[in-house]
Amino acid sequence: AQKVTQAQTEISVVEKEDVTLDCVYETRDTTYYLFWYKQPPSGELVFLIRRNSFDEQNEISGRYSWNFQKSTSSFNFTITASQVVDSAVYFCALSSSGGSYIPTFGRGTSLIVHP
Amino acid sequence: DSGVTQTPKHLITATGQRVTLRCSPRSGDLSVYWYQQSLDQGLQFLIQYYNGEERAKGNILERFSAQQFPDLHSELNLSSLELGDSALYFCASSLQGRADTQYFGPGTRLTVL
């Protein structure tokens, strides 16, 4: 069975602060894929990133960066210099052959960025 | 805009009724997934279709059914609706369906009164 844990239910920051959203996963498969999605107040789910288990390189995209560490089964997401528009619920997800490649989503972390 | 479309955006109906939600995948995507998002259950996978055939089933109630048509659009049918079926229903699509990234539609918000 696969599992994704996002222990932070809600994070509140002030604009321009850096914030890290934690994601811890469990899977018995050696090949798996990790995802982050953003759900703004409007409701749609927006794809942010996909990483496979063989690629542990950290990735940076503008103010967003992701830290993948297999040793701790974590795939954390950092927003640098947060902005009000970053306010959303962020979901981490895992898919693997053991789960028929159907993503298992965490419960989400609600990020509130105050001006 | 993900390229996945869902209609209607909002649906309000009464208990016991039946509704149909519609999804058109991104151009070229063969796989369609349906999810239910509620406050207490989070984002739950319901069912997946690939090129017209059912490929995987999740926590889908017997009152719910889905199909994917030859033009690859999909419909989710919800019958004998209960108050607890009120939720946001998402459709997602992916190219093949194996470890591909899923792109989500805007969702249909269903309210059962």
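The values are calculated or read from the model by the stated rules, or taken from the named source; none is laboratory data. Quick caveat: nothing in here was measured; it's all calculated off a predicted structure. Positions of Cβ are generated from backbone atoms using ideal geometry, with glycine treated the same way; all protein chains shown enter the neighbour counts. What goes into the accessible areas is simple: the full protein's heavy atoms, side chains included, and nothing from ligands, DNA or RNA. Shrake-Rupley method; radii C 1.70, N 1.55, O 1.52, S 1.80 Å.
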Residues (out of contact with any strand residue (DSSP E or B) (no Cβ under 8 Å at 6 or more places or on another chain), of a type in the set (S, T, N, Q) and in contact (Cβ under 8 Å) with a residue 24 or more places away in the chain) located in the range A:58-87:
none
Single unsatisfied condition, A:T109 versus (1) β-branched (V, I, T); (2) free of Cβ contacts under 8 Å to residues at least 12 places away in the same chain; (3) open to solvent by less than 40 Å² (accessible area, probe 1.4 Å):
(2)
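To keep it simple, each residue is scored yes or no on (1) touching a Ser or Thr at 6+ places or on another chain (Cβ under 9 Å); (2) open to solvent by 30 Å² or more (accessible area, probe 1.4 Å); (3) farther than 22 Å from B:T111 by Cβ.
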{"site": "B:Y50", "(1), (2), (3)": "yes, yes, yes"}
{"site": "B:R55", "(1), (2), (3)": "yes, yes, yes"}
{"site": "B:F64", "(1), (2), (3)": "yes, no, no"}
{"site": "B:Q67", "(1), (2), (3)": "yes, yes, yes"}
{"site": "B:P70", "(1), (2), (3)": "no, yes, yes"}
{"site": "B:E75", "(1), (2), (3)": "yes, yes, no"}
{"site": "B:G84", "(1), (2), (3)": "yes, yes, no"}
{"site": "B:F90", "(1), (2), (3)": "yes, no, no"}
{"site": "B:R98", "(1), (2), (3)": "yes, yes, yes"}
Can you name every residue in the range A:16-38 that is within 11 Å of another protein chain (Cβ to nearest Cβ), over 13 Å from A:Y101 (Cα atoms) and in a loop (DSSP other than H, G, I, E, B)?
none
Just checking, how many residues over the range A:32-49 are of a type in the set (V, I, T) and over 14 Å from A:F68 (Cα atoms)?
1
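Can you tell me how many residues within the range A:90-103 are facing chain B (nearest Cβ under 10 Å) and open to solvent by 40 Å² or more (accessible area, probe 1.4 Å)?
Qualifying residue count for the region: 3.
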Looking at (1) hydroxyl-bearing (S, T, Y); (2) in a strand (DSSP E or B); (3) open to solvent by 10 Å² or more (accessible area, probe 1.4 Å), can you tell me which one B:T15 breaks?
(2)
Restricting the range B:18-48 to residues that are open to solvent by 30 Å² or more (accessible area, probe 1.4 Å) and not in a strand (DSSP E or B), the residue that is farthest from the other protein chains (Cβ to nearest Cβ)
B:R18
I need every pair where a residue in the range B:16-44 that is without any contact (Cβ under 8 Å) to a residue 40 or more places away in the chain has its Cβ under 6 Å from the Cβ of a residue that is outside any strand (DSSP E or B) and open to solvent by 10 Å² or more (accessible area, probe 1.4 Å), sequence separation at least 6 or different chains.
B:G42/A:R107; B:Q44/B:N59
Quickly run through the range B:60-75 and pick out the residues that are in contact with a helix residue (DSSP H, G or I) (Cβ under 9 Å, 6 or more places away or on another chain) and either of a type in the set (A, V, I, L, M) or not in a strand (DSSP E or B) (or both).
B:L61, B:R63
Before we move on, is A:E56 open to solvent by 40 Å² or more (accessible area, probe 1.4 Å), in contact with a Phe, Trp or Tyr (Cβ under 6 Å, 6 or more places away or on another chain) and not in a helix (DSSP H, G or I)?
yes
Which count do you get for residues in the range B:100-113 that are assigned to a strand (DSSP E or B), away from every other protein chain (no Cβ under 14 Å) and open to solvent by 30 Å² or more (accessible area, probe 1.4 Å)?
0
